[in-house]
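Below is one structure, written out as structure tokens; comments come after it.
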Amino acid sequence: MRVLVIGSGGREHALCRALAASPLLSKLWCAPGNAGTASVAENLPIGVLDIADLVQFARRNAVDLVLPGPEAPLVAGIADAMAAAGIACCGPSAAAARIEGSKAFTKEICDAAGIPTALWERFDDPDSAREFVRRRGAPIVVKADGLAAGKGVVVAASVAEAEAAITAFMETDLLGEAGRAVVIEECLVGEEVSLFALCDGTTALPLGAAQDHKRVGDGDTGPNTGGMGACSPPPALSPALAEAAMERIIRPALAELARQGTPFRGILFAGLMMTDEGPKLIEFNARFGDPECQALLLRLRSDLLPALLAACDGELAQFSLRWRDEVSIAVVLAARGYPGDPLKGTEIRGLDRAAAVPGVTVFHAATQLLDGRLVASGGRVLTVCATGADLHAARDAAYRAVAAIDWPEGFCRRDIGWRGLAAG
Ligand code: AMP
Ligand code: GLY
């Protein structure tokens with residue numbers, strides 16, 4: 001099998017590493033990749049949104065499977081373009097990827113399929129949106145309808161804050177097209193977890209769950225990020241609750257998308273709030289989470305590649321995956337300044353010592369090799385992961401590895417896994 005992974009983060013390094021371990025693999029490329037993917041795949045200088053170039057490369061090089069990591073190429077139609085060229089792509093069509101690209105579309109799917117989620121309303125007109133917020137009161141959640149790279153959601157503690165968000169999204173250029181319409185919804189209370197399933201259009205195979213740590217600071221403080229760490233399985237989601245969420249949230253969504261003529265193939269990611277009334281959907285994504293993917297794949301015992309092929313072939317009903325009975329943790333090392341403007345070009349040393357800690361795997365994200373030196377080239381730079389018999393063991397190993405890394409310009413959260421550790 002000749003496989004092309006698309007993306008350049010820690011998620012894609014973890015995917016490349018898992019695929020490289022498959023006895024079915026003969027050649028692996030990553031576009032554009034990072035210094036970590038270069039050790040297990042051949043990096044290609046093609047951007048994730050250069051879809052015509054990616055299709056041309058895949059065709060000329062007889063690629064058997066394309067695996068897009070991030071959402072942008074999916075929403076832009078990479079799966080459709082690969083399908084038109086006769087190349088298997090483990091990701092949804094642009095039509096099915098709207099489940100991530102449009103909040104209103106997701107809410108319509110929820111209503112049509114009876115999926116538990118926050119009560120909501122969509123607005124194209126800022127005056128009506130403000131009027132609704134004044135009528136409903138706070139706390140209340142304001143979301144830009146389109147993709148906004150994590151900047152499109154405000155959980156407003158007051159009516160004034162909600163009104164300011166409506167103005168910023170709809171009446172300034174802050175988010176462009178993504179902010180033309182807003183979804184306003186009820187504020188849910190509980191712990192958040194991420195649940196993943198591999199889908200072939202009709203069957204959903206559980207891929208496990210993880211808990212992300214979205215705020216930049218310890219104790220879940222400070223601005224939102226793409227994710228500063230994860231642990232898997234998440235202590236708040238028992239196996240019984242995970243199965244309930246598969247049954248009430250993932251499978252009905254898959255069935256509804258198929259009913260509408262836009263079957264979902266690829267990785268479906270449900271962001272859940274664990275409320276007193278059970279798991280409720282916050283959002284769907286059309287891909288793996290980062291850093292959740294790194295934490296999940298370390299627990300996967302089975303070969304990932306045949307599972308991805310089965311998803312493309314519509315054959316998941318006959319498939320099962322085996323998982324390690326271990327806990328994993330992922331600690332993101334970010335460059336100072338993240339999630340604002342990160343410091344770039346600083347040198348990182350000591351990764352060999354970190355990777356030598358038992359149970360530890362270090363994934364690269366924004367890294368580059370420059371004249372034999374490893375340097376940071378973006379915000380989230382490394383994901384230091386560890387597995388262990390329990391959360392304490394995994395946490396201790398991961399932070400021992402972090403301590404072995406010599407990178408004064410980097411930082412990480414010190415409390416990844418804290419909810420599970422606090423719960424004992
Ligand atoms: P989203 O982009 O939809 O995942 O929203 C980003 C974050 O906002 C989520 O991870 C939650 O922390 C928060 N959030 C979104 N919707 C709600 C809601 N209805 N109630 C409470 N928090 C929410
Ligand atoms: N870590 C959350 C995400 O990938 O969206």
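For this structure, a couple of remarks:
- Helical content alone sets the calculated 222 nm signal of the chain at -8500 deg cm²/dmol, taking -39,500 (n - 2.57) per DSSP H segment of four or more residues and averaging over every residue.
- Tensor-based shape of the stretch 86-133 (alpha-carbon gyration tensor, a/c under 1.5 rounded, otherwise prolate or oblate): oblate
- R0 of 51 Å, Cβ-Cβ distance Asp396-Ser128: FRET efficiency to nearest 0.05: 0.45
- Rounded, prolate or oblate (a/c below 1.5 giving rounded, otherwise prolate when a/b exceeds b/c) for the stretch 1-77 by Cα gyration tensor: oblate
- Distance-filtered residues of the stretch 125-157 - backbone nitrogen under 14 Å, label point 7 angstrom along Asn224 Cα→Cβ: 140-157
- For the peptides 283-293, 340-350, residues were scored by their other Cβ atoms within 10 Å and the scores averaged per peptide; the highest-first order is 283-293, 340-350.
- For the stretch 230-330: rounded, prolate or oblate by the Cα gyration tensor [a/c cutoff 1.5]: oblate
- The loop-placed trypsin sites (Lys or Arg not before Pro) in the stretch 153-221, going by DSSP, that have at most 13 neighbouring Cβ atoms within 10 Å of their Cβ come out as Arg180.
- Solvent-accessible area per residue, Å², over the chain with all protein chains present [probe radius 1.4 Å]: 40 Å²
- Projected label distance in nm at Asp111 and Ala160, using a 7 Å step from Cα toward the beta-carbon: 3.3 nm
- Cα-based reach from Lys107 at 27 Å (exclusive), listing lysines while leaving out same-chain residues under 8 positions away: Lys143, Lys151, Lys214, Lys280
- Rel. contact order, % - alpha carbon contacts under 8 angstrom, at least six apart, the chain: 16 percent
- Sorted peptide list for 101-110, 122-131, criterion being average Cβ within 10 angstrom, highest first: 101-110, 122-131
- Ordering of 264-275, 148-159 by packing [mean C-beta count within 10 Å, highest first]: 264-275, 148-159
- Using the Cβ-Cβ distance between Asn61 and Ser320 with R0 set to 45 Å, the FRET efficiency works out to roughly 0.90.
The values are calculated or read from the model by the stated rules, or taken from the named source; none is laboratory data. Since the structure is predicted, the reported quantities are computational estimates derived from the model, not experimental observations. Don't worry about glycine lacking a Cβ; one is built from the backbone with ideal geometry, like all the others, and counts go over all protein chains shown. These area figures cover heavy atoms from the full protein model, side chains too; ligands, DNA and RNA do not enter into them. Shrake-Rupley method; radii C 1.70, N 1.55, O 1.52, S 1.80 Å.
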